[in-house]
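Novice: Once you've had a glance at the structure underneath, I'll fire off some questions.
Quick note: the coordinates plus some simple rules give every number you see, no bench work behind them. The structure presented is a predicted model; accordingly, all values stated were derived computationally and were not measured. Cβ atoms come from the backbone with ideal geometry, glycine included; neighbour counts cover every protein chain shown.
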Amino acid sequence: MGLLSNLFGNKTQKLIDLQSRGAVIVDVRTKREYESGAIPGSEHIPLQSLSNNISKIKKWDKPVICVCASGARSASASTILKASGIEAVNGGSWISLAKKLHL
């Protein structure tokens with residue numbers, strides 16, 4: 001492992017671990033973006049309505065992997081979810097996550 005991996009962990013391995021624990025993939029892009037292509041089985045909750053869906057997400061009782069187009073909105077989403085006591089990570093771009101997890 002490289003120095004950065006030792007310090008920060010292997011993100012792909014973390015994502016695989018979360019997937020094995022039944023993580024829910026939450027796509028925070030707009031409706032139009034989501035409808036143009038998404039990870040099969042992902043939940044669509046646009047970033048602007050994420051805070052209104054915290055209780056719904058908590059009921060899942062599962063870790064959450066947030067995705068968007070580039071990773072910026074999903075970073076904000078994972079921060080919001082973590083602040084609400086939900087185990088969440090930024091999965092980055094939905095396309096790159098699909099490749100990493102072979103979805």
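Novice: Among the residues of segment 1-14, is there at least one that is among the hydrophobic types (A, V, I, L, M, F, W, C) and surrounded by 12 or more Cβ atoms within 10 Å (Cβ to Cβ)?
Specialist: Step one: filter segment 1-14 for residues among the hydrophobic types (A, V, I, L, M, F, W, C), giving 1, 3-4, 7-8.
Filter again for surrounded by 12 or more Cβ atoms within 10 Å (Cβ to Cβ), leaving none.
No: zero hits.
Novice: Working only within segment 38-82, note down all residues that are free of Cβ contacts under 8 Å to residues at least 12 places away in the same chain and not polar (S, T, N, Q).
Specialist: Listed by number, the residues that qualify are Lys56, Lys59, Asp61, Ala72, Lys82.
Novice: Suppose we filter Ala23, Ala88, Ala98, Ala38 for residues that are in contact with a Ser or Thr (Cβ under 7 Å, 6 or more places away or on another chain) and crowded, with 16+ Cβ neighbours inside 10 Å; which single one remains?
Specialist: Exactly one of Ala23, Ala88, Ala98, Ala38 is in contact with a Ser or Thr (Cβ under 7 Å, 6 or more places away or on another chain) and crowded, with 16+ Cβ neighbours inside 10 Å, namely Ala88.
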